[in-house]
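Just below is one structure, and these are the notes that go with it.
No lab work stands behind these numbers, since they all come straight from the coordinates. As the structure is a computational prediction, the values presented were derived from the model and not from experiment. All Cβ positions, even for glycine, are placed from backbone atoms using ideal geometry, and neighbour counts span all protein chains on display.
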Amino acid sequence: MITIFRRKDIDMKLPKLIAADIDGTLVNDDGEMMELTRSALKILHKHGILLGIASGRAYDAVIKEKLKNWDFEDPGIDMMIGLNGGQIFDRSSGRIHQFNELQPETIKEIILMMEPLDLNPFLYRNGKQFVKRIDENVLASSARNHQAVIAADDISQMWAGQCPKIMFRIPADRMPEAEKWAYAHQSPAWKAFRTQTTMLEFCDPQINKGFGLKEYEKLYGIHAEDVMAFGDMPNDNELLETAGWGVCLKNGAEDTKACADAVTEYTNNEDGMGHYLYDHVLPLLEEL
C-alpha cells in the first residue's frame, strides 16, 4: 500500500470500483479516451475491478455509442452514476434507477429567474431535447448526440412535465455573471453549479454524484470506501469527497482539487488518468 497525496487520515488502497467523470477526466478535449487510460482500465477490469462512469449525462444510447468510439465496448462499464447523481445504472441487474426530478413549478421558477440574462435553457424529457430557441450550440449538440430537438412554441412547454435538470450553455466570459445571478436568487427547491467552463446546471438540491454513489452502495453493496473516483469540475466535488479515494485531474478546478486526496501530474490531454493508474494503482495488483 502506498500513499500519494493525503488530505484525509487514510491511505490509498486497491479499489473494488473505479468511477470517473467523462469530460475533462476520462477523455481528452476532443472526447477521445487516450491509450494509457484505456489499457490500464482493461487490465484492472481483468483483475476484478469494476468500472463505472459518473457523469452529468444520462445512461442511454449516447453512452453506448461513446463506448464504441472509445474502443471500450469490451469490457464496457459495470455501472453508471448519471445525471449528476439523479440516476444509477447497474449492468449486472440491467436496472436504471431515477431520483428526485425537478417538478414543473420548479422548472418554471428557474427559467423565469434566469430570463433577464437572455440565455437559452434546455432540458431532456422522454429522450428529446427541449430548448427555448434553436441556435448553433443546439444544432451542434443535436448532431453530436443524435438526439431530436424541440423548440418551444411557447415557453410554458419547457415546464409541461418534470425533468432531471435544466442546463444553460454560457460563453466562458459570461459564466461569472451567470453564476453570481443564480447564487443571488437561490431557492430551497433547486441548486445551481458549473459542470463545464461553459455550462451551468440546475437540479434538485439533494442530487450530486456523491448522493448517487451512496444510493449505489445501498442498492448493490459496494461501499464508498472501496471506490476510487476521478473528476475535474465542481459537480465532481461530492463524488471525490464520498469515495474512499478521490483524484482530481491537473486541469481541474481549484475547489475540486481541494476536495481530492490526490491531483494527477498530467492533464486530461496528456492522459493524466492513465498515468495515475499506471503509476499508483496498477502496482497495487502485486499485493493480491
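Using DSSP H assignments, which helices in the chain have an axial alpha-carbon span of 15 Å or above and a mean Kyte-Doolittle hydropathy of -1.0 or higher? Provide the component values of the computation, followed by the final result.
Values: long enough: 35-46 (17 Å, -0.23); 104-114 (16 Å, 0.72); 209-220 (16 Å, -0.98).
In the chain, the long hydrophobic H runs are 35-46, 104-114, 209-220.
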For the chain, Rg(Cα) over 2.2 N^0.38 Å is 0.99
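Evaluate the Kirkwood expression for the hydrodynamic radius of segment 104-203, namely the inverse of the mean inverse distance over all pairs of different C-alpha atoms, and round to one decimal in Å. Provide the component values of the computation, followed by the final result.
Values: mean 1/r = 0.0729 Å⁻¹.
One over the average 1/r among Cα pairs gives 13.7 Å for segment 104-203.
What does the C-alpha gyration tensor say about the overall shape of segment 1-157? Classify as rounded when a/c is under 1.5, otherwise prolate if a/b is larger than b/c, or oblate. Let's see the in-between values first.
Working: a/c = 2.16, a/b = 1.84, b/c = 1.18.
Because a/c hits 1.5 or more and a/b exceeds b/c, segment 1-157 counts as prolate.
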What span do the alpha-carbon atoms of segment 183-288 cover on each of the three principal axes, reported in whole Å from largest to smallest? 51, 34, 17
How large is the helix-only mean residue ellipticity at 222 nm for the chain, computed as the sum of -39500 (n - 2.57) over DSSP H runs with n ≥ 4, divided by its residue count, in deg cm²/dmol to the nearest 500? -8000 deg cm²/dmol
Along the dipole axis of the chain (charges at Cβ: +1 for Lys and Arg, -1 for Asp and Glu; origin at the Cα centre), the most positive-end residue among 52, 83, 159 is 159
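Would you mind ranking 165, 16, 257 by Cβ crowding within 10 Å, fewest neighbours first? Could the numbers behind the result be given before it?
Numbers: 165 22, 16 16, 257 19.
Fewest-to-most ranking of 165, 16, 257: 16, 257, 165.
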Fewest-first sequence of 183, 266 by Cβ atoms within 10 Å of each Cβ: 183, 266
Could you tell me which of rounded, prolate or oblate describes segment 21-90, using a ≥ b ≥ c as the square roots of the eigenvalues of the alpha-carbon gyration tensor, with rounded for a/c under 1.5 and, failing that, prolate when a/b is larger than b/c and oblate otherwise? oblate
